[in-house]
Amino acid sequence: MSHFAIIAPPFYSHVRALQALAQQLMARGHRITFMQQTEAGALLSDARIAFYPLGARSHPPGSLARTLRLTAHPAGPGLLRLIDDLANTTDMLCRELPAALQQAGVDGVIADQMEAAGGLVAEALGLPFVSVACALPVNREPDLPLPVMPFLYARGARGRRRCLVSTRIYDWLMRRHGSVLARHARAFGLGERRALHECLSPLAQISQTLAALDFPRRQPPPQFHAVGPLRAIFTPSAPQAENQKRPLVFASLGTLQGHRYSLFRAIAHASRRLDAQLVIAHCGGLNAAQAASLAAPGAVEVTDFADQPALLRQAQAVISHGGLNTVMDAVESATPILAIPLAFDQPGVAARVVYRGIGRRASRFAGSGTLAAHLDALLTDDGYRQRLLLMQAQLRQAGGVRRAADIVEQALGERRPVLAAS
C-alpha cells in the first residue's frame, strides 16, 4: 500500500480532523506520517501514526506555546505577530519538507488548506497531493466574503465591492506570509503564488463544510468535494443533565479560546435568567478557582473537556465561538446555535449560521440580557431546529471521513482529478 504525508498547521482541531482521516486510511493498509515542528507531535493521540519532526533550529522547544498564545489573543499588534509567526512556519516547511518527503519515501501528500507549504512543496517535487479544508474553504469567488469576514452573502455590485475591498485589506495584512509563498514558489519554478487559494490541489479538494451550510458557491472547482465532518475519536464521557425537564444548554469556546472567563460568566448569567441548565466545557482554559466560581449546583456544571457530540444530542441549544467543528456537530444533532465569534474564520462561520437560519450571532461584548434574548429565541422558535433537520439530511449523505478516504486513495493512487458529482 501507499505512504502518505500529512501537512497541517499545528492546531488541535486541524490535527484531530486529519488524524481521523489518517486512521481511516491506515485501516485500509496505508502508512501515514505527519510532518511539522517537533512539538506538534504531542497533538496526535494515536501512537500508530508516524511523526517526522522538523524545524529543530528555527522552532526550538517553546515555539509552539508562543504560537498558541498568539492564536488565543489575536487582536491588535498580536495579530501581526501571529501572521509573522505563521509565515515563519511556512518558510521553515518550504525549506525542510523537500528533503523530508524524499527521505521518508512518500507517495503522496495530504495538505491542509491553511498550510500552503504542503501543496507548494508537493507540486515542486512532482508528488500528487490532495487539499483538505478543515476550516472554511479558502477557495475564492468574486461574490463570496472571505472566511474571516463577518458579513453576509449579498449578490450585486455593492456586495461584490465590499468583498473586493475586504479582500484587498486581508491580502495587505497577510503580505508577510504572501512574500514567503512568492519567494519559495519562484525558487521551486512554480511561478507567482502569494495566497493560500493559489496553492490548492488540481486533483481533489476536500471540505468539511457542507454546501447547505456555506454561502452559495457558483464556481466551485470540479474536483471540490464537501464531505462533512472528518470525525475524530473522542473518549471523555459527557456530564449528564440533572433535570431533563429544564432546557439544557451546552457552551464551549473551543480549545484556543476557553480562557475567556468573563464571557463564560455572561453566558452563565444568561442561562440562569431563563432557568436553563448549562454545561460549560472550557477545554482547560480556566483555572480551578474560575471554574468553581461559575459552577452552581443544579444550574451550571463546569468541566474541562466533554464528549461534545453526545452532549449536543441532549441539548436544546449550543453557545459556541463559531468554530466549524462545533457547528458541524450541532448540525449533526440538529441543535440550534448561538455563535459568538472571536477570531479567524469564526466570524465567517457565524455569518453562515445566520444566513442559513440555523442559529443566531452575538457580539463577544454582549451582556447577559442580550445573550438571554438570543438564547430564548433559539429555545422557543422551532424554525431553527426544522432548518437544521433539513441540513442534517444532507450531512448524512455527504460521506464524511470514509468518503474523504475514498477520494484520497483515488486521487493519489491514480494521479488524476477526482470530479465531484454534478
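So is residue 108 touching a residue at least 40 places away in the same chain (Cβ under 8 Å) and more than 23 Å from residue 408 (Cα to Cα) or not?
no
Would you please name the residue that is farthest from residue 253 (Cα to Cα), looking only at residues in the range 299-323 that are buried (at least 21 other Cβ atoms within 10 Å of the Cβ) and β-branched (Val, Ile, Thr)?
300
With respect to residue 312, determine if the residue is closer than 19 Å to residue 391 by Cβ and assigned to a strand (DSSP E or B).
Taking the combined requirement at face value, the residue does not satisfy it.
Quick test for you: out of 64, 70, 93, 80, pick the one residue that is at pLDDT 95 or above and not aromatic (Phe, Trp, Tyr).
93
Exactly one of (1) in a helix (DSSP H, G or I); (2) farther than 20 Å from residue 196 by Cβ is unmet by residue 90. Its number?
(2)
Only one of these is touching a Cys at 6+ places or on another chain (Cβ under 9 Å), at pLDDT 95 or above and either not hydroxyl-bearing (Ser, Thr, Tyr) or not in a helix (DSSP H, G or I) (or both): 194, 183, 176, 168. Name it.
One residue alone meets the criteria, 183.
Restricting attention to the range 250-298, and to residues there that are polar (S, T, N, Q) and in contact (Cβ under 8 Å) with a residue 60 or more places away in the chain, which single residue is surrounded by the fewest Cβ atoms within 10 Å (Cβ to Cβ)?
255
How about the range 329-344: which of its residues are of a type in the set (Asp, Glu) and either at pLDDT 95 or above or surrounded by fewer than 23 Cβ atoms within 10 Å (Cβ to Cβ) (or both)?
Hit for the range 329-344 is 332, nothing else.
Of the conditions (1) part of a helix (DSSP H, G or I); (2) over 26 Å from residue 148 (Cα atoms), residue 52 fails just one. Which one is it?
Residue 52 satisfies every listed condition except (1).
When you scan the range 15-27, do you find a residue that is more than 17 Å from the chain's Cα centre (by Cα), surrounded by 22 or more Cβ atoms within 10 Å (Cβ to Cβ) and under 21 Å from residue 180 (Cα atoms), even just one?
Within the range 15-27 (the criterion being more than 17 Å from the chain's Cα centre (by Cα), surrounded by 22 or more Cβ atoms within 10 Å (Cβ to Cβ) and under 21 Å from residue 180 (Cα atoms)), the answer is no, since none of the residues qualifies.
Taking the range 61-86 as the region of interest, how many residues are out of contact with any Asp or Glu (no Cβ under 9 Å at 6 or more places or on another chain) and surrounded by 12 or more Cβ atoms within 10 Å (Cβ to Cβ)?
Residues in the range 61-86 being out of contact with any Asp or Glu (no Cβ under 9 Å at 6 or more places or on another chain) and surrounded by 12 or more Cβ atoms within 10 Å (Cβ to Cβ): 13 in total.
Could you list, in sequence order, all residues of the range 375-422 that are without any contact (Cβ under 8 Å) to a residue 12 or more places away in the chain and surrounded by 16 or more Cβ atoms within 10 Å (Cβ to Cβ)?
406
Of all the residues that make up the range 37-48, how many are in contact (Cβ under 8 Å) with a residue 40 or more places away in the chain and surrounded by 18 or more Cβ atoms within 10 Å (Cβ to Cβ)?
Total satisfying the criteria: 1.
For the range 352-374: of the residues being assigned to a helix (DSSP H, G or I) and in contact with a helix residue (DSSP H, G or I) (Cβ under 6 Å, 6 or more places away or on another chain), which is surrounded by the most Cβ atoms within 10 Å (Cβ to Cβ)?
Step by step, filter the range 352-374, then rank; the result is 371.
Looking at the structure I just gave you, is residue 213 within 16 Å of the chain's Cα centre (by Cα) and at pLDDT below 95?
So residue 213 fails the test.
Any residue at all in the range 391-401 that's more than 30 Å from residue 23 (Cα to Cα) and part of a helix (DSSP H, G or I)?
no
If a residue has to be part of a helix (DSSP H, G or I), without any contact (Cβ under 8 Å) to a residue 60 or more places away in the chain and not small (Gly, Ala, Ser) to count, how many in the range 57-85 make the cut?
9
Would you check which residues across the range 173-193 are surrounded by fewer than 19 Cβ atoms within 10 Å (Cβ to Cβ) and either of a type in the set (D, E, K, R) or over 26 Å from the mean Cα position of the chain (by Cα) (or both) and list them?
175, 176, 183, 186, 187, 188, 189, 190, 191, 192
So, of the residues in the range 272-298 that are in contact with a Ser or Thr (Cβ under 9 Å, 6 or more places away or on another chain) and assigned to a helix (DSSP H, G or I), which turns out to be farthest from residue 318 (Cα to Cα)?
The qualifying residue farthest from residue 318 (Cα to Cα) is 291.
Taking the range 124-163, which residues are modelled with pLDDT under 95, aliphatic (A, V, I, L, M) and not in a loop (DSSP other than H, G, I, E, B)?
Result: 157, single match.
The values are calculated or read from the model by the stated rules, or taken from the named source; none is laboratory data. Being a predicted model, the structure only gives us computed values, none of them experimental. Positions of Cβ are backbone-derived with ideal geometry, glycine not excepted, and every protein chain shown enters the neighbour counts.
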